[in-house]
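Handing you a structure now.
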Amino acid sequence: MMFRLPVNRLDDLFAAVSAVNSLYLPVDGNDGRASYKKWVEGTKLSSKLNTVRSAKDFFFPQTTNLCDFNVKDKEIEVIDIRADSEDFVVFGVRACDARSFTILDKVFLADPIDSYYATKREHGTIVTLACTRPEENCFCNVFGIDMTSPEGDAACWLTDEYLYINANTGKGTAFIDSIKALLEECSDEDVKAQQTTVKEIAGKLPFAGVSTDYFKKNTLLDIFNSEKWEKLSESCLACGTCTFVCPTCQCYDIKDFNTGHGIKRYRTWDSCMYADFTKMAAANSRNTQMQRFRQRFMHKLVYFPDNNNGEFGCVGCGRCLSRCPISMNIIKVIKAFEEE
């Protein structure tokens, strides 16, 4: 069932949600870019297509405290520092970022379940927002994502006059019920018209015709041993920017920090582009930049789909295209192999 709210009442909607749960939404910063911020009165929803970093941060933060240790002589006390998680709503998540949770779920909710991630997923409600002005860097359609009909617990469409909303899950239904006093039932004709227009735009984007067929038809070893990796990796700086803005990267390291009063154990994002990634006492499994470069794209395009019924580990958000300092990205890799 479709509902709608006049655009001039968006602040009323946000206030109603915030009165019950913590609410986060994309907000423009002083640098002109959008980031997720907690809503307070006066906060305005950004019109930017994408945030600098994705909504992944709410469920898999850059740093997570795992536990504390008190050490006295030969006795070690393990302290569980987890507190009760608050319920929260993330509003304005785009279709590409919404699909990233499907990918992350396959990693963190598979046995053994990551309890830190699972708890945040349980308490978080994702309200998505369909795209109306896709940018040249967008290529989510390459991976079968419909930017006009995003996943999530509830999906929204924004026009000049109304915000339309529809539930996709039980959480989405509960979310709509909590604000139903502000909404009115409606048809989906305006939404369908917007979807048709946006799909026409999306079909004309520079990467709309990019194909992943090569990675579906060739074997892992054929791709792994290709001579193309050497040439593709030559300009890579190994800065790791692509991995830190990526909504689907899930690699992390676990470290211990001596506070002087005990030990704090925490995990922090890591990058397969770094020379010390998975470094062991005996050796490093990937000694060259080419090997590390290859690892990143093999994981997105080969390893992950091979283990997850063909689902690629990329959602086409375009962040790596816009942020890479030397303009090397997954599209260039795909097209290099597509030529073959």
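I'd like to verify a number: residues in the range 191-224 that are charged (D, E, K, R), under 30 Å from Met2 (Cα atoms) and free of Cβ contacts under 8 Å to residues at least 40 places away in the same chain, how many? Reasoning before the result, please.
First, pick out the residues of the range 191-224 that are charged (D, E, K, R): 192, 199-200, 204, 213, 216-217, 222.
Retained after the next criterion (residues that are under 30 Å from Met2 (Cα atoms)): 192, 199-200, 204.
Narrowing further to those that are free of Cβ contacts under 8 Å to residues at least 40 places away in the same chain: 192, 200, 204.
Looking only at that region, the number is 3.
Just give me the residues in the range 56-78 being touching a residue at least 40 places away in the same chain (Cβ under 8 Å) and either closer than 21 Å to Thr148 by Cα or surrounded by 12 or more Cβ atoms within 10 Å (Cβ to Cβ) (or both), in sequence order. Show your work before the answer.
Taking the range 56-78 and keeping what is touching a residue at least 40 places away in the same chain (Cβ under 8 Å), we get 56, 58-60, 62-71.
Within the range 56-78, Lys56, Phe58, Phe59, Phe60, Gln62, Thr64, Asn65, Leu66, Cys67, Asp68, Phe69, Asn70 qualify.
Another question, if that's okay. Could you check the range 19-42 and list, in sequence order, the residues that are surrounded by fewer than 16 Cβ atoms within 10 Å (Cβ to Cβ) and in a loop (DSSP other than H, G, I, E, B)?
Residues satisfying the conditions are Ala19, Val20, Gly29, Asn30, Asp31, Gly32, Arg33, Val40, Glu41, Gly42.
Could you figure out which of (1) farther than 15 Å from Ala55 by Cα; (2) modelled with pLDDT of 95 or more isn't true of Ile126?
Here Ile126 meets the rest and fails (1).
Among the helices (runs of 4 or more DSSP H) confined wholly to the range 201-250, which include 1 or more residues that are in contact with a helix residue (DSSP H, G or I) (Cβ under 9 Å, 6 or more places away or on another chain) and exposed (fewer than 12 other Cβ atoms within 10 Å of the Cβ)?
Details: elements: 213-217, 220-224, 228-233, 241-245.
Helices (runs of 4 or more DSSP H) meeting the threshold: 213-217, 228-233.
Of everything in the range 44-55 that's touching a strand residue (DSSP E or B) at 6+ places or on another chain (Cβ under 6 Å) and among the polar types (S, T, N, Q), which residue is surrounded by the most Cβ atoms within 10 Å (Cβ to Cβ)? Reasoning before the result, please.
Initially, the range 44-55 is screened for residues touching a strand residue (DSSP E or B) at 6+ places or on another chain (Cβ under 6 Å), giving 45-46, 48, 51-52, 55.
Remaining after also requiring among the polar types (S, T, N, Q): 46, 51.
Numbers: Ser46: 19, Thr51: 26.
Going through the qualifying residues, I end up with Thr51.
Let me ask something else. Among the residues of the range 303-333, which ones are part of a helix (DSSP H, G or I) and either surrounded by fewer than 22 Cβ atoms within 10 Å (Cβ to Cβ) or of a type outside the set (Val, Ile, Thr) (or both)?
The first filter runs over the range 303-333 and keeps only residues part of a helix (DSSP H, G or I), leaving 303-307, 319-323, 330-333.
Result: Tyr303, Phe304, Pro305, Asp306, Asn307, Arg319, Cys320, Leu321, Ser322, Arg323, Ile331, Lys332.
Also, I was wondering about something else. Do you know which residues across the range 61-94 are under 15 Å from Tyr36 (Cβ atoms) and in contact with a strand residue (DSSP E or B) (Cβ under 8 Å, 6 or more places away or on another chain)?
Keep residues of the range 61-94 that are under 15 Å from Tyr36 (Cβ atoms), which gives 61-62, 88-94.
Across the range 61-94, the qualifying residues are Gln62, Phe88, Val89, Val90, Phe91, Gly92, Val93, Arg94.
Filtering the range 166-200 down to residues that are out of contact with any Phe, Trp or Tyr (no Cβ under 8 Å at 6 or more places or on another chain) and β-branched (Val, Ile, Thr), which residue is surrounded by the most Cβ atoms within 10 Å (Cβ to Cβ)?
It comes out as Val198.
Rundown of residues vs (1) in a loop (DSSP other than H, G, I, E, B); (2) surrounded by fewer than 18 Cβ atoms within 10 Å (Cβ to Cβ); (3) at pLDDT 95 or above, yes/no style:
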site	(1), (2), (3)
Val107	no, yes, yes
Glu151	yes, no, yes
Asp160	yes, yes, no
Tyr164	no, no, yes
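The values are calculated or read from the model by the stated rules, or taken from the named source; none is laboratory data. In this text, all values refer to a predicted model and were calculated from it rather than measured experimentally. When we count neighbours, we look across all protein chains shown, and the Cβ atoms used for this are built from the backbone with ideal geometry, even at glycine.
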